[in-house]
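Here's the structure we're looking at; comments come further down.
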Amino acid sequence: MSRIVFAWELGGGLGHLGPFRPIAERLAARGHEVTIAACDVERVNAVFGSRPVTIVQAPLCVKTYGGLADPPLNYAEILMRYGYLDAPLLGGLLRAWHGLLELARADLVIADHAPTALLAARGRGTPRALFGNPFVVPPVVSPTPSMRSWVDVPPERLASSDASVLDAINKSLPGDAPRLAALHQIFDGALRLYMGLPELDPYGPRDPDEYLGLYTAVVGSRQVAWPDGTGPRVFVYLHADYRHIEATLAALPASGARCFVYLLGGTPALWQKYQGPRLAFSAEPVDLGAAVAGCDLYIGHGSTGGVISVLRAGKPMLLLPSQLEQFLLASILEKLGVARLVHPDAQPPDIAGTLARALGEPGLARAAREFALRHREPAVDTIAERTAGRIEALARQGTG
């Protein structure tokens, strides 16, 4: 029996949790203790329910920092927003993560966007694995590269940002801990378990063995009840704080489609304003696999977990990215011919027009079906079983 800590430190939504749930279930069934240390314990409770895992609050940076260049251009500049220029705070976070791992007696740490947890595990010699979106693991180059290829970024800025963050990290490490020479060393020595395929990696293809394939997310259990009538079925999974959410909800019934919407963070007032004969809402997380299997078009922001579920089902997409990582993935999918994209900076965004084109473009659905056929193997259960086995083998190194 091993003690496994899944660490989720940065980011939001359900995409950090749903993909790990089937793996956690397999590990628990094999007798291992699984602890979820998360930045959002409410979301963990919603996704895992009564399953046999321990839920604890992850140590978090609760300070905000002014004067940072916006938008962030590389991985270092993301970390700056979470205390990685503040060595005293970062030292406290490292001690807190170290204490959490000690209390859990962790034999293995699985990190999903959890750099401080990785540093703490490194300090105590605990085996480590990386799980989830490859966007949160920069490639092995120094300085960490620009994430905005369309912006002319002076190389000196990237190098300076990396150097500042490295300085804070090295000052925060215990006196006997080896220092980092490059930011990507946060991830050194970790087993890499990226969701998706090499061609979907926003940094470009890496070692093919590091990708799990089209491994889909498990989010909810609510079944879709499509509105009555005729017309294509559109499944919508969006966040209520999307700045164009009302324009999107207004465009849906006007398209002639029958739409079912799960709106994360939505309120009864918003649902009541827009629900009607062609637009229904769910207050609970939806069974994503069943929903995309039954739809003719998926509308989402472009999160990795949701996109992979749709790719496996072979359905076309309309993507409304609100974050950089979503935009990068959505751009790749548009180039592959399986999605249409509403640019996050478009003013005003042509949501109704892009939706009409996506619904009326047979080539989009054909390309999505062909992509799914090319990547239908291995099956989801096979991926989950193999991944649980790889994690189990790594965890044994921590108990040896």
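The values are calculated or read from the model by the stated rules, or taken from the named source; none is laboratory data. This is a predicted model, so every value here is computed, not measured. Reconstructed Cβ throughout: ideal geometry from the backbone, glycine too, with neighbour counts over all protein chains shown. Accessible surface areas use protein heavy atoms only, side chains included; no ligands, DNA or RNA. Shrake-Rupley method; radii C 1.70, N 1.55, O 1.52, S 1.80 Å.
State yes or no: is ASP162 acidic (Asp, Glu), open to solvent by 30 Å² or more (accessible area, probe 1.4 Å) and either in a helix (DSSP H, G or I) or free of Cβ contacts under 8 Å to residues at least 40 places away in the same chain (or both)? Working first, answer last.
Numbers: acidic (Asp, Glu): yes; open to solvent by 30 Å² or more (accessible area, probe 1.4 Å): no; either in a helix (DSSP H, G or I) or free of Cβ contacts under 8 Å to residues at least 40 places away in the same chain (or both): yes.
Against the criterion (acidic (Asp, Glu), open to solvent by 30 Å² or more (accessible area, probe 1.4 Å) and either in a helix (DSSP H, G or I) or free of Cβ contacts under 8 Å to residues at least 40 places away in the same chain (or both)), ASP162 does not qualify.
In the set GLY31, GLY15, which member is in contact (Cβ under 8 Å) with a residue 60 or more places away in the chain and of a type outside the set (A, V, I, L, M, F, W, C)? Full working, then the answer.
Numbers: GLY31 fails: in contact (Cβ under 8 Å) with a residue 60 or more places away in the chain.
None of the others qualify; the one that does is GLY15.
For region 323-344, name all the residues that are open to solvent by 30 Å² or more (accessible area, probe 1.4 Å) and either basic (Lys, Arg) or on the phi > 0 side of the Ramachandran plot (or both).
Hits for region 323-344 are LYS335, ARG340.
Any idea which of (1) under 23 Å from ALA114 (Cα atoms); (2) β-branched (Val, Ile, Thr); (3) at pLDDT 95 or above is the one VAL224 doesn't satisfy?
Just one mismatch for VAL224, condition (1).
Only one residue in LYS315, LYS335 is closer than 22 Å to PRO19 by Cα, of a type in the set (D, E, K, R) and free of Cβ contacts under 8 Å to residues at least 60 places away in the same chain, so which one is that? Lay out the reasoning, then the answer.
On the way: LYS335 fails: closer than 22 Å to PRO19 by Cα.
Exactly one of LYS315, LYS335 is closer than 22 Å to PRO19 by Cα, of a type in the set (D, E, K, R) and free of Cβ contacts under 8 Å to residues at least 60 places away in the same chain, namely LYS315.
Test each condition in (1) at pLDDT below 95; (2) open to solvent by 20 Å² or more (accessible area, probe 1.4 Å); (3) under 28 Å from ASP345 (Cα atoms) for LEU264 and report the one that comes out false.
With (1) at pLDDT below 95; (2) open to solvent by 20 Å² or more (accessible area, probe 1.4 Å); (3) under 28 Å from ASP345 (Cα atoms) applied to LEU264, the lone miss is (2).
Considering region 345-400 alone, what residues qualify as being polar (S, T, N, Q) and either open to solvent by less than 60 Å² (accessible area, probe 1.4 Å) or in contact with a helix residue (DSSP H, G or I) (Cβ under 7 Å, 6 or more places away or on another chain) (or both)? First the steps, then the outcome.
Residues of region 345-400 polar (S, T, N, Q): 347, 354, 382, 387, 397, 399.
If the condition is that a residue be polar (S, T, N, Q) and either open to solvent by less than 60 Å² (accessible area, probe 1.4 Å) or in contact with a helix residue (DSSP H, G or I) (Cβ under 7 Å, 6 or more places away or on another chain) (or both), then THR354, THR382, THR387 are the ones that fit.
Please enumerate the residues belonging to region 219-240 that are open to solvent by 40 Å² or more (accessible area, probe 1.4 Å) and either touching a residue at least 60 places away in the same chain (Cβ under 8 Å) or within 17 Å of the chain's Cα centre (by Cα) (or both).
SER221, ARG222, GLN223, TRP226, PRO232, ARG233, HIS239
Could you tell me whether any residue of region 28-50 is assigned to a helix (DSSP H, G or I), of a type in the set (S, T, N, Q), more than 13 Å from LEU10 (Cβ to Cβ) and open to solvent by 40 Å² or more (accessible area, probe 1.4 Å)?
Taking region 28-50 as the starting set, the residues that turn out to be assigned to a helix (DSSP H, G or I) are 28-29, 41-48.
Retained after the next criterion (residues that are of a type in the set (S, T, N, Q)): 45.
Add one more test, that the residue is more than 13 Å from LEU10 (Cβ to Cβ), and what stays is 45.
With the extra rule that they be open to solvent by 40 Å² or more (accessible area, probe 1.4 Å), the set shrinks to 45.
The answer is yes, given that some residue of region 28-50 is assigned to a helix (DSSP H, G or I), of a type in the set (S, T, N, Q), more than 13 Å from LEU10 (Cβ to Cβ) and open to solvent by 40 Å² or more (accessible area, probe 1.4 Å).
When both residues are 6+ apart or on different chains and their Cβ atoms are under 8 Å apart, which pairs have a first residue that lies in region 114-141 and is without any contact (Cβ under 8 Å) to a residue 60 or more places away in the chain, and a second that is among the acidic types (Asp, Glu) and outside any strand (DSSP E or B)?
Final answer for the pair search is ARG124/GLU102.
Restricting the search to region 103-139, which residues are open to solvent by 10 Å² or more (accessible area, probe 1.4 Å), touching a Pro at 6+ places or on another chain (Cβ under 8 Å) and either at positive phi or not in a helix (DSSP H, G or I) (or both)?
Within region 103-139, ASP107, PRO139 qualify.
Determine which single condition GLY289 fails, assuming it passes every other condition in (1) under 21 Å from ARG148 (Cβ atoms); (2) part of a helix (DSSP H, G or I); (3) open to solvent by 30 Å² or more (accessible area, probe 1.4 Å); (4) not β-branched (Val, Ile, Thr).
GLY289 satisfies every listed condition except (1).
Within region 169-193, can you find the residues that are among the hydrophobic types (A, V, I, L, M, F, W, C), surrounded by 14 or more Cβ atoms within 10 Å (Cβ to Cβ) and not in a helix (DSSP H, G or I)?
Taking region 169-193 first, the residues among the hydrophobic types (A, V, I, L, M, F, W, C) are 169, 173, 177, 180-183, 186-187, 190-191, 193.
From the residues that got through so far, the ones that are surrounded by 14 or more Cβ atoms within 10 Å (Cβ to Cβ) too are 169, 173, 177, 180, 182-183, 186-187, 190-191, 193.
Correct list: LEU173, ALA177, LEU180, ALA182, ALA190, LEU191, LEU193.
I'm trying to understand the selection: among the residues of region 267-286, which are open to solvent by 50 Å² or more (accessible area, probe 1.4 Å) and among the polar types (S, T, N, Q)?
THR267, GLN272, GLN275
Which members of region 241-283 meet the condition of being in contact (Cβ under 8 Å) with a residue 40 or more places away in the chain, in a strand (DSSP E or B) and more than 19 Å from HIS301 (Cβ to Cβ)?
ALA280
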